[in-house]
Amino acid sequence: MPPRSSIERDPVIREAVDAALTRGCTQADVVSALLTAGKKVSKSAVGRYALRYEESIKRQRQIQEATRCLVDEAQASDDTQSRVFAQLVTTLATRAILPLIEDEDVELSLKDLSALTQMSQRVTKTQGNLLELQLRAAREAERKETARQAADVAETAGRAAGASEETLRKIRTGILGLSS
């Protein structure tokens, strides 16, 4: 593994370069500002770091956008799709985090940690919403089945007592909550 760059070795320099690149400063401006602050960093080191930084930011934005789209879709879709999307979001989050865990030399910035935390919270919220939807659907299915069984029992008892078809229909409608 190649040695860490002069920018990555010094946290103060790295934070200053990250902040400058985030603000949109040119590489020449970054080198000039660091020299003014008494930090000697070559223009080529800033250039190499800027390329890696931009690629990292681009990847982070893609992951955030994909996660946002998947979370939105999962919350708006049916139960089966929701489970698939929640699993997909979890898989994407894991794939984004694994390289960071495996590379001991990687130091996460506060911005990276914030993005990972936000992504984790969204995944957790989606999974919680999915569980709530599943519970609601199960309760509703149970309620409907209980009402159907009660309507069947009432209809059988009504027939045995000699009730008319109109009366049986009204009883069934009343129990099931259907409109006439």
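What follows draws every value from the coordinates through simple rules; no lab data is involved. Here the structure is a predicted model, which is why all the values come from computation and not from measurement. All Cβ positions, glycine included, derive from the backbone under ideal geometry; neighbour counts span all protein chains shown.
Taking Lys and Arg as +1 and Asp and Glu as -1, the other residues whose beta-carbon sits under 13 Å from that of I175 total +3. Taking θ as phi - 60° and the Karplus parameters 6.51, -1.76 and 1.60, the scalar couplings of segment 10-16 work out to 10, x, 5, 5, 4, 5, 5 Hz in sequence order, x denoting glycine and proline. Here r is the Cβ-Cβ distance between R95 and E140 and R0 is 25 Å; the resulting FRET efficiency, rounded to 0.05, is 0.10.
One chain, two ends: V84 and R68. Fully extended at 0.36 nm per residue, the span grows by 4.3 nm beyond their Cα-Cα distance.
At R0 = 41 Å, how high is the FRET efficiency between E165 and E132 if r is their beta carbon distance? Nearest 0.05 is fine.
Efficiency, rounded to the nearest 0.05: 0.50.
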